[in-house]
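Coordinate-derived values only; no laboratory data. Computed from a predicted structure; not experimentally measured. Backbone-built Cβ (ideal geometry, glycine too); neighbour counts: all protein chains shown.
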């Protein structure tokens, strides 16, 4: 399967939701809920500084009994960030998320943030590719392939 990250971004869009490292965890949680996403990029001085996810909150705030209204995103964000490029394949991305136990991958094209993909995006791309393959094989078996 040779599908690449840029195809996922072309289909889902390249919207990037971000927060500053100085923002409170509570502010970040509100943005997660508002945008209905599982992670935000943490941007400092125009550069990618980290990722803040629901998992960061659950493991580093809620379980430790800390206050999300006082704690800053910078204190619990995941950093350094593992990124991919638009040219990475879906298979390469699946290996990365599996090996690092992460669910979100920022997409960087040179110095430019191109978007973010999630493990859900990767799974959907794989399912779509498999459905296409099944359809092509069914057509071939039924004799309905192009000549």
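Could you state the angle between the C-alpha long axis of helix 119-141 and the longest principal axis of the C-alpha atoms of the chain, as a value from 0 to 90 degrees rounded to the nearest 10?
Helix 119-141 sits at roughly 10 degrees to that axis.
Can you show me the helix-derived [θ] at 222 nm for the chain, built from DSSP H runs with n ≥ 4 at -39,500 (n - 2.57) apiece and divided by the number of residues, rounded to the nearest 500.
-12000 deg cm²/dmol
Take the Cβ-Cβ distance between residue 87 and residue 66 as r, set R0 to 35 Å, and report the resulting FRET efficiency rounded to the nearest 0.05.
Efficiency, from the Cβ-Cβ distance: 0.30.
Any chance you could run the full-extension gain for residue 112 through residue 33? It's 0.36 nm times the residue separation minus the Cα-Cα distance, nm to one decimal.
Values: separation 79, 0.36 × 79 = 28.44 nm, distance 2.58 nm.
Stretched fully, the residue 112-residue 33 segment lengthens by 25.9 nm.
Can you give the angle from 0 to 90° between the axis of helix 25-35 and the longest principal axis of the chain, with both taken from C-alpha atoms, to the nearest 10?
Tilt relative to the chain: about 30 degrees.
Report relative contact order for segment 5-141 in percent, whole number only (criteria: Cα-Cα under 8 Å, sequence separation at least 6).
This gives 24 percent for segment 5-141.
Residue 59 to residue 123: extension gain in nm, 0.36 nm per residue of separation minus the Cα-Cα distance? Don't skip to the end; give the middle numbers.
On the way: separation 64, 0.36 × 64 = 23.04 nm, distance 2.46 nm.
That pair, residue 59 and residue 123, stretches by 20.6 nm at full extension.
Test of understanding: what is the full-extension gain from residue 20 to residue 141, defined as 0.36 nm times their sequence separation minus their Cα-Cα distance? Working shown, then result.
On the way: separation 121, 0.36 × 121 = 43.56 nm, distance 5.51 nm.
Contour length minus the Cα-Cα distance gives 38.1 nm.
Can you tell me how segment 39-101 classifies by the Cα gyration tensor, rounded, prolate or oblate, using a/c under 1.5 as the rounded cut?
oblate
Between 0 and 90 degrees, rounded to the nearest ten: what's the tilt of helix 90-100 against the longest Cα principal axis of the chain?
40
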